[in-house]
Structures are given as structure tokens and as C-alpha cells.
Amino acid sequence: MGVSALDALARTVAGARAVAIAGGGTQREIGGTPDPGATEVRVPAGIVRYEPADMTVTALAGTPVAMLDAALAEHGQECPLDPRSAEATVGGVLACGLSGSRRLRYGPLRDRVLEVRFITGDGRAVRGGGPTVKNVTGYDIPRLFVGSFGTLGVITRVTLRTQPRAECSQWSHTDATPADLRDRLFRPATLAWDGRRTFVRLEGYDEDVANEQAHAGLVATDAPPSWPGGEHRGRVSVAPPSLGALARRLDDLECTWLAEGGVGTVHVATDSEAALAAARGAAEAENGWLLREAGAPGLDPFGRPPPNLAILARIKDAFDPAGKLNPGRLPFLRRAA
Amino acid sequence: MCFPRSTEEVAFAVRTAASHGRPFVARGSGTGLAGGATPVDEPLVIVTTQMNRVLEVDVEARVAWVEPGVLNLDLSRAVADLGLYYAPDPSSQQACTIGGNVATNAGGPHCLAAGVTSSHVLAVDVVLGDGSVARLGGLEPDGAGFDLRGCFVGSEGTMGIATRIAVRLQPTPPCVRTLLLDFVSIDDAAATVSAIIAAGIVPSALEMMDARITRAVEDFVHAGYPRDAEAVLLAELDGLPAGVDAAIAAVDRIGREHGARTVRVARDAEERALLWKGRKSAFGAIARIKPDYYLHDVVVPRTKLVEVLRQVYEIADAQNLIVVNVFHAGDGNLHPILVFDAREPGIWTRVHAAGDAIVRACVAAGGVLSGEHGIGLEKREFMPLVFNVDDLDAQARLRDAFDPEGRANPQKILPRGSRCGEVMRVPEGAWV
């Protein structure tokens, strides 16, 4: 992104009354629906710098995940991001905190973001973090932006840590639960559980993957589990040991769900808004919460207010004093103000 | 100074300091190298060493709740029988506390694949600057609201004091192999590191030691390090057996292609432990060269290792100083150690001049000021080398959002004048 384009974006943000940040448009309703009167801004796509030998890549925020993936694949590398739609942009995935389905093995997205550049609400271009794979120089602004839903700044470019693509990546399934499997498998990539079966994704060296499958009695399959579909969707976060109890509650509801064993994320979908509200109740009963991702217009995006609201509101004020960035998202901030 | 035993006592101490108009600074074992725990502005010093209990280990969740004064190595020892370990392993792990590790976002050799402290801290209970208690983060994968846990880790005590910490434990890998490669040229060793990473191999650790430190360590520990090597690499691969074997073969091949004289694979756990003892004793062994040392901590892109290392030696030569290098090569995290005798007149001027030049050379190569020790007081005034006024202002605002009164460990990390509009004038003779 050239200096002039960056300047123009900063001027737009500084001059607008309200700004709605758009990426691939694949998560329009997540975290709250943006104010329809806001000025829409977009950041262009493009790989700025890719150093395969350093395992780092810098991309403009508007880069589709598919484009990033293709660039990294040429050198046998990847960032394990897998949003529902590959049209989703790098900036959007970051802002929505979508860690991807292989988080169990490769860690959350927040551990992968090395540097972030953004435009603050008052139109200043700011850089946080740094380009190296290890860095404790100053405050950790990159992590702050993961899951910030565009309310702290318009992300313009990010530097991510890449990794080698595994030689072998294989799905299999079993009747065993994720809890049963965790001690039998070493660093599985995914333990996707629908309450009846666990779909296991193993990655690594061919021979190791085959041995692990045999050892744990897994049946190889080419078909990964499908994402729960429905008009109303949400993402639950609970401590992993609570997944069993949560599953029993969800099974009483008219919804489909898929849990990430060992992680604690549960993807819930339903055709009834009331059922999604009930799923939120189930999550909260297990000390978790449900983020409304799509549909369910009558449902608050987050449910009960998050803890430490005063600090959250002060951070919002520090980066966006006029409250103009993505108004409508993170509604609890507006209520706190 | 006080030695609280509970969150409530820490909160009481913080409120008491506030009622006397004093700031406060948390202190663990005092092993920090950047002056993050050094008292400035006459603070109340809150020492966490009495809060040293492992409160809870949840084997199913692979999570331990610990108090901040628990020693890093004691935590791994406490969970070893359960087949688990805590990955970050700073060289000071026998002495440093988990609370201090959280403050500095500490690293260690085994952070190359596993990540530094922030990747291993799930939640922290903290006493904030106003004496209130907050839980940041949680055991669920994603919280609602911004990642306050991520902000707090590495904030060097400037956002509050951690009193309970939930850390992620990892299962002990089924297969661990350690290799020692030795080289007749330091450039070859550095090029080997870059080539291993470029080949898509991420060892669990990849450490480098130069000739001087290798000899000093060998004389001290007798680990069987070659005394005539110009540099050695210590590499560790872990995981499942076939993958580890393949990685060992690849490291062996890449090493030999880059001039490694020998590649020794430790036969058993005992030999592995001995090789690691050598690496972890490096700082103690320095006393065999000169009585004093100044240890730096900088990071460069891994593709720049050869060129920056050369500059480090040239800089030390120009100041007529001895420099030794023992460092986390795999992630580009250099630890140039300037070795000297503090009784020599004028020595500190040369040591500081060399340190200054090393930091600048790393930044010029696309690097950063610190990889794991932090900024503290030591590197505060270097911050404008890597951040402009708007970057620093954003950081200052973030800090203030946690601690609007500025009571938590004042004067650390950010140079004076970081807040836009703040008057930038340092009194004559001030310690900056």
C-alpha cells in the first residue's frame, strides 16, 4: 500500500463521522451489525513481503486468505487459517479472531501475529509489534487487535509467522470422545466432535500419522466434518473440560453443533433464533459465552457484558476517542461509555 | 518493601502505597536484566517470593494455577510425574519466578517451536494500580472484549501485579533427540541455522555458541564440547519417531553441506542432559574469561544472522573488548556478551559504546530491541529507534488505560515524552 493510498485512507477516517471497515464481507453480522450510515472503507489486497527463509509474511489487510495461502504454498509453507469462506481477508480474520480449526496443534491466531499497522480513529498511522519472530520491544499491540472487531483501528497490514506445510494431513473418525483421545494422540491438529463421533485430523510425517491412526483405532476418511449450517449461527467458548457437560445441554436443543475438542470452541447453528438464545444459556451455565456470528437479529452479539468493562472502554477511548470505528460492533463498549 | 502472601495482601500494599502518594514496583527473584524491577520514584517494593505455591494442577485441562513467586524450574518439576512440562525455560530458570516471566514475556531455548511466555499464559489475576483485583483472560479459548491478558504479559509490571497465573502445560514428547554440530567457522554455523529454518525444519531448540564460550563451558562442565571449534550448534528435535528421524537426517545433511566437522547425536537422556548443562552453564562459565559481563538481548531476521554476527565482532574489536556469543540462533535472538574487568579505568564507556552500536546494527538489519529480556530502564531511550512518535503515543495510551494514575512501576519501557504533548525535558544528570 503506497504512501498516498495510506494517507488518503487516514484522511477519510479522520474526516468521517463514522467508519465501517469492510473486508471480504463474509462476517458482516459478527460482533454486532455496523451502523448503516457509516462511511465504508476498504484496504487493498497484496503481499508486501514474503521471506520464506525467515518464515514470515507481510500482507495488506485486504488480502484474501486464499491469495495468501497460494503465495505461501509456492514455498511449501502456510498460515493455518481456514475461515468458512476463503474470500475472507487477512485483516477480517484477524479482527474477528478466527483462529482456524487446527488451533489445537498450531495455537491461536494471536500467537502468530508479529506486527500490525493500523489507522487510529483520529487518523494516525500506527505500528505495533515488530517484524521478527521473537520480540518484546514495547507493549503487545498486535495481540490487542486480534478479536477487536475493527473497533480500535483500521488494520492496514499485518506480519504473520508462517510454518512448513506438513508432509501428510489426514482426516479420520472414531467413536471415542476427544477427552479419551487426547492422551492417545500426540499433538493432533483437530478433534472435531459432534457428540457421536470425533473427526480427527493428524498432521506430520506419513509414517507417524499412520502409526497414530492405527494405535488409536481411527478409521481414515477423505471427508472432513461439515460446518453446522443454519440461519442463526454462533461460536461458543468454554474451558475444554466443560465440553461434555455443554454437549449434553446442547443435545436438548434444536440445533446442530461441532466442538473443537481440547480447544473449547463450539460452532452452533440453528433455524430458530430461540434455540440460539438457549444455546447461549447453555454456554453461560458452563461459565462460557456465545458470540453471535450470523442471524438472530434479536440476540445481543455477546450476551452478558464482559468483565473489566472499565479497562476495555478506556482502551477503546485511547485508540478511537470519537467512537467512530465500526459503531454497532462490540455494543457493550457503547453502553459502558 | 513488603512480602505479601496473598492477592488480598498485595491489594492492601498497593492501596497503602497509594494513600501515601507512592507508586509501587513488583519484584520476583531479581534476575531481570533490563532493570524492569529496579525501584524508581521511591516506590513501595512488593516482593512476590513468599507467594510460591503451585495452587492447582488440572491434568485433563493441562493447566496449572500458580502464584507469581513459583520458580520456573520448580513448576516443571512439580508436573513432570504427570507427563507434563512448562515450555518456557529461561537460562535463569532455577532462580527466576513465573511472575517475573509473565512481566518480561520471558523466553528460553525451548521457545523456538513452543513460543514465549505469552503463548503459555491463559489467565492472570492481577492487582491493578488502584488496588482493585481483575481476572484477565480465562480458560476458555476466546474471551469477549479485547485480549487484556495478551497486553498484560510482557508489560513489565506497568499494568499491575500478577498474583495468580494460569499456565498451559504440555505433554512430554514421545521422542526427543539432541544433536551437537561443530564448525571451523562461525559464518558456517550461522549459515547452517538459516538453512535449517529455510528448509522448513522447526527444531524445538536451536542454540549457538562461539569459540570462546564453548571452551569456557567445556573447561567448566566437561560435556564433551570440542575445544577447538569456532562455533557449535545445539539442536533439539522432538515429536513422533519417524518425523524426528527425518528431521535429524535433514539437520545432519544441512550441517555437513555447510561445513560441519562432526554431528554428534546424544545417545541417551544422560548425554542429552550433559549437552544442555553445557549450554545452560554458559553464563556461569564466563567468569573463567573475565570477572564481569554485560549481556545484550536483540533479535534480527534469521536470514541476517551471518552478517549481523560479523558486525558484532567488529564492534567489539573497535572498542578493544572481548565479546562472546551464546544465543537462541533458531529465532534470530542474539545474546552478545561483552566480557570485561570492571576495575579497568574507563571500561564502562567502551562497554556502553559497544552495546549502543550493537543495538543500532541489529535495528538497521531489520531487527528489534529485545527478544525476551524486555525494555525496562535499560533500553527505554532506544525505543525511538524502532517506533515513531505516534507508535509510542499509542503504547503510552494503552498503558494508561490499565493504570490511569501511573502508579504501577513508573518510568519503565517508554521513554519520557512518549505521550504526545508531554513536555520532553530531562533534568541534568538524571538517570536515563
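Read the figures in this text as sums done on the coordinates, not as results from a lab. Just so it is clear, the model here is predicted, and its values are computed rather than measured. FYI the Cβ positions are ideal-geometry reconstructions off the backbone, even for glycines, and counts take in every protein chain you see.
Odds and ends about this structure:
- Surrounding net charge for residue B:362, when Lys and Arg each add one and Asp and Glu each subtract one, Cβ distance under 12 Å: 0
- Reciprocal mean inverse distance between Cα atoms of segment B:153-267 - Kirkwood radius, Å: 15.8 Å
- Cβ-placed point charges (K, R +1; D, E -1), dipole of segment A:233-300 about Cα centre in debye, nearest 20: 140 debye
- Label-zone membership for segment B:185-229, site residue B:288, 7 angstrom Cα→C-beta point, backbone N under 18 Å: B:208-229
- Gyration tensor verdict on segment B:245-329 (Cα atoms; rounded if a/c is under 1.5, prolate if a/b is larger than b/c, oblate otherwise): oblate
- Annotation: lysines with alpha-carbon distance below 16 angstrom to residue B:290 (same-chain offsets under eight excluded): none found.
- Only helices enter this figure: runs of n ≥ 4 DSSP H residues, each worth -39500 (n - 2.57), summed and divided by the residues of the protein assembly as shown, yield -9000 deg cm²/dmol at 222 nm to the nearest 500.
- The mean count of C-beta atoms from other chains within 10 Å of the C-beta of residues in B:194-200, rounded to a whole number, is 4.
- Residue exposure proxy: B:290, B:280, ordered by other Cβ atoms within 10 angstrom of their Cβ from fewest to most, comes out as B:290, B:280.
- Shielding by other protein chains, A:264-275, mean Cβ within 10 Å: 1
- Karplus 3J(HN,Hα) series, Hz, for segment B:144-150 with 6.51 cos²θ - 1.76 cosθ + 1.60 (x for Gly, Pro): 8, x, 5, 7, 5, 4, x
- Look at the dipole of the protein assembly as shown built from charges on Cβ: of B:138, B:19, A:109, the Cα furthest out on the positive end belongs to B:19.
- Chain A shape via C-alpha gyration tensor axes, a/c threshold 1.5: oblate
- Beta bridges per DSSP with both ends in chain A, % antiparallel, nearest 5: 90 percent
- Largest mean-square fluctuation among B:254, B:375, B:161, in a Gaussian network model of chain B whose springs join Cα atoms under 10 Å apart, belongs to B:254.
- Rounded to the nearest 5, the antiparallel percentage of DSSP beta bridges internal to segment B:15-157 is 70%.
- Computed over chain A: relative contact order in percent, which uses C-alpha pairs under 8 Å that are six or more apart: 19 percent
- This model, with +1 at the C-beta of Lys and Arg and -1 at the C-beta of Asp and Glu, gives the protein assembly as shown a dipole about its Cα centre of some 1300 debye.
- Remark: mean inter-chain Cβ contacts per residue of B:386-399 equal 6, using a 10 Å Cβ-Cβ cutoff to other protein chain atoms.
- Label-point separation in nm, residue B:356 to residue A:84, each point 7 Å along Cα→Cβ: 5.7 nm
- Global geometry of chain B, whether rounded, prolate or oblate, following the gyration tensor of its Cα atoms and the 1.5 cut on a/c: oblate
- Estimated FRET transfer efficiency (residue A:74, residue A:196; beta-carbon r; R0 35 Å; 0.05): 0.35
- Assuming charge only on the beta carbon of Lys and Arg (+1) and of Asp and Glu (-1), the dipole of segment A:92-180 about its Cα centre is about 360 debye to the nearest 20.
- In plain terms, the C-alpha convex hull of the protein assembly as shown casts an average shadow of 31.0 nm² when viewed from every direction.
- Taken over the Cα atoms of segment A:106-198, the convex hull encloses 145 Å³ per residue.
- Using alpha-carbon coordinates, inclination of helix B:186-198 to the longest axis of chain B, degrees: 70 degrees
- Excluding same-chain neighbours fewer than eight residues apart, the lysines reachable from residue B:412 by a Cα-Cα span under 26 Å are A:134, A:316, B:379.
- Neighbourhood charge, 12 Å Cβ-Cβ cut-off, centred on residue B:246 and excluding it, Lys, Arg +1 and Asp, Glu -1: -4
- Each other residue within a Cβ distance under 12 Å of residue A:155 adds +1 if Lys or Arg and -1 if Asp or Glu, for a net charge of +3.
- Full-extension gain in nm, residue B:81 to residue B:253, via 0.36 nm per residue minus C-alpha separation: 58.3 nm
- Label point distance in nm, residue B:281-residue B:59, each placed 7 Å from Cα along Cα→Cβ: 3.5 nm
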